[in-house]
Amino acid sequence: MNAMPVRILLMEDDPGDVELILEALRGSRVALSVERVGDGEEGMRYLRRQGEHAAAIRPDLILLDLNMPRMDGREVLLEVKRDAGLRSIPVLVLTTSDAETDIAASYGLGANCYLQKPLGMDAFSRVLKGVEDFWLSLAKLPPRGVVWEGRP
């Protein structure tokens, strides 16, 4: 287990899905700190530490819904992956859509993973257990405090 909690930014507008995700994450073997924003504009303010999010701490991982108000997940993904200071944060798309166009567009915009939201708590728990097993246990997340400004 990490000494410091893994910081997750959950960008999700549906309160029911937020509750399912948080409930599924509660059983994690990994220490977690989850912050939630309800739309893409707020998510970008959080990531850029603007306005009410001036004291925000950079997340280690982003769970991103595609279909949000004001700025959808595709736009967020484009902005995050264009920003040299943010692009190293892994972005996992977690959405209801199984449309091939959404899957292709998400990967084309730089998503690190595409997961379809399942129905029901048990299925949600299995999906997020897979996220925990891979992204929070096996994968090496970018080190904190080290931002590499790669060339496009």
Quick check on Leu25: is it touching a strand residue (DSSP E or B) at 6+ places or on another chain (Cβ under 9 Å), among the aliphatic types (A, V, I, L, M) and in a helix (DSSP H, G or I)? yes
Restricting the search to region 1-58, which residues are hydroxyl-bearing (Ser, Thr, Tyr) and modelled with pLDDT of 90 or more? Ser33, Tyr46
Across region 1-23, what is the number of residues that are closer than 20 Å to Pro118 by Cβ and open to solvent by 20 Å² or more (accessible area, probe 1.4 Å)? 9
Being under 19 Å from Val131 (Cα atoms), under 12 Å from the mean Cα position of the chain (by Cα) and open to solvent by 50 Å² or more (accessible area, probe 1.4 Å) narrows it down to one of Arg36, Arg29, so name that one. Arg36
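The values are calculated or read from the model by the stated rules, or taken from the named source; none is laboratory data. All of these numbers come straight from a predicted model, not from anything done at the bench. Backbone-built Cβ (ideal geometry, glycine too); neighbour counts: all protein chains shown. Note: areas computed on protein heavy atoms with side chains; ligands, DNA, RNA excluded. Shrake-Rupley method; radii C 1.70, N 1.55, O 1.52, S 1.80 Å.
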